[in-house]
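Remarks on the structure that follows.
The values are calculated or read from the model by the stated rules, or taken from the named source; none is laboratory data. Quantities reported herein were computed from a predicted structural model and do not represent experimental measurements. Backbone-built Cβ (ideal geometry, glycine too); neighbour counts: all protein chains shown.
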Amino acid sequence: MTSYTDLGLFIDGEWSGGSQTVPVLNPATEEVLGHLPLATVADLDRAVAAAVKGFAVWRSMPVDQRVAILHKAADLLASRADRVGRIMTLEQGKPFKEARGEALRVANTLRWDADDARRAYGRIIPSADDTVLSVRHEPVGPVAAFTPWNFPAGGPMRKIAAALSAGCSIVIKASEETPGTACELVRCFVEAGVPHGVLNLVFGDPAEVSRHLIAEPEIRLVAFTGSIPVGKLLAAQAGSEMKPSLMELGGHAPVIVCADADPVVAARKAAFAKFVNAGQVCTSPSRFLVHEDVYDEFVTEFVAAADRVVVGDGLDDGVTMGPLANPRRLKAMEEMVSDAVSRGAQLVRGGERIDRAGFFFAPTVLTGVPADALVMTEEPFGPIAPIVPFRDLDAALATANSLPYGLAAYGFTRSSSTAERLIRGFEAGILSINHCGGSVSEAPSGGVKQSGYGKEGGPEGLEGYLVTKRVSHLLA
Ligand code: NAD
């Protein structure tokens, strides 16, 4: 029996409860894991005041000292990857191996961001007169961040690592559905010696918390990961206060498999990426456009790969796909399948909830899906793969780019010139050719079009948390 963890709000260096709580469910069993306290308005005000105080301390701490604390937090997290992974699986459902891997990966993200903070170089510009003209980068200030439930460690850590490395303080509202992992991350930072007020964790009614925090004058940056409609709302709220924001929103990633690609290899790689985290990934491949010459072979191998997926409780050995994280996703999957079938698509595999406790949905393959089906126009965010044939590559690219989103895109081809055509043609911020690459610490991830703006990862990730100051210094 794996025990869950203590849940709480973390404000100004102290854990606290609250009079109002919400239950946290295990999506594999529907059992209650714990009760999460929700922040009151007074708690949020305390968190902002703490972040202001914490910012003053943290920004003036020598960079070596800051980096050492962040590395210690990363080491603590890595040493607890088993425990954090189990908590993550309990509350989110993903297989333990994926969850443990996520904990280790985000420890590396923290190390990478912390080291990159040493390189937040400014520059000195030769000037026309007696002034010394320089450009400096400084932390933007206290940050308000909001993260979802699909990567319970990755979501919060991306924001905390970048903010703290840049010298900012943060008030983060992690998901109320996966709060245990966020609490565990915070414990690592606390034990590593992050000063009071630098890192504050709250939970509450998402709309109320975000409205309140974004309106606070002391909050200088808004960072959000989640759906496009919520992202637009928060960006508008930030814009009305003239605050910068970073928006990591959804997508609907096309996969183009060209006539010269190996359809078996492409199908295996694409199916693996499709069913990771039960498809609840913003960069998940979600529209499969396959050249008619290799279509049948691709579909056969993709279906075989779907059949090899072992669905079950993520804590059980051998399970490769857990439940969906919440009943909203189950309902969305059912709607998308019935809409596609009613429009003439063929349901080749899955298509329904699995008859057992928990929010399990079968790996699903649809073929011949019409372009106007819901699953082709709205992000499925679940284990559904719609596959359609194409004849002309330009037409396939036009289909790929026809939606208002542009997060990830994938192409399979053996020709370098076709690869270049895809690279130039895809309207997306994250491209992979001949594989389905995941996000990495050292390179930026982020969307174009309605998939948002700002980057996470790489030097660009840190830039979002810095402001630029031009200094013209006339020597006295
Ligand atoms: P949702 O839009 O209700 O919520 C998405 C996330 O935003 C949740 O964590 C939620 O707590 C938070 N949220 C909602 N309203 C908010 C507000 N006013 N202020 C601050 N945070 C707010 O959707 P959902 O049912 O949780 O997820 C469904 C859709 O969300 C998916 O179809 C997918 O498109 C999107 N999503 C995207 C990501 C991503 O990584 N980009 C992650 C999770 C969900």
Complete set of residues in region 48-73 that are touching a Cys at 6+ places or on another chain (Cβ under 8 Å) and within 21 Å of Leu104 (Cα to Cα): Ala73
In this structure, is Phe151 under 17 Å from the mean Cα position of the chain (by Cα) and either over 30 Å from Val276 (Cβ atoms) or part of a strand (DSSP E or B) (or both)? no
In region 219-230, anything more than 8 Å from the ligand (Cβ to nearest atom) and either touching a strand residue (DSSP E or B) at 6+ places or on another chain (Cβ under 6 Å) or not charged (D, E, K, R) (or both) is listed as Ile219, Leu221, Val222, Ala223
What pairs can you find where one residue is in region 269-296 and assigned to a loop (DSSP other than H, G, I, E, B), the other is at pLDDT below 95 and within 15 Å of the ligand (Cβ to nearest atom), and their Cβ atoms are less than 8 Å apart, with a gap of 6+ or different chains? Thr283/Gly438; Thr283/Ser439
Can you find even one residue in region 175-183 that is among the small types (Gly, Ala, Ser) and more than 12 Å from the ligand (Cβ to nearest atom)? yes
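Residue-by-condition table, conditions (1) acidic (Asp, Glu); (2) modelled with pLDDT under 95; (3) under 19 Å from Asp6 (Cα atoms); (4) assigned to a helix (DSSP H, G or I):
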| position | (1), (2), (3), (4) |
| --- | --- |
| Ala39 | no, no, yes, no |
| Arg46 | no, no, no, yes |
| Ala50 | no, no, no, yes |
| Phe55 | no, no, no, yes |
| Val67 | no, no, no, yes |
| His71 | no, no, no, yes |
| Leu76 | no, no, yes, yes |
| Arg83 | no, no, yes, yes |
| Ile87 | no, no, yes, yes |
Give the number of residues within region 245-278 that are within 13 Å of Val290 (Cβ to Cβ) and either within 13 Å of the ligand (Cβ to nearest atom) or touching a strand residue (DSSP E or B) at 6+ places or on another chain (Cβ under 6 Å) (or both). 9
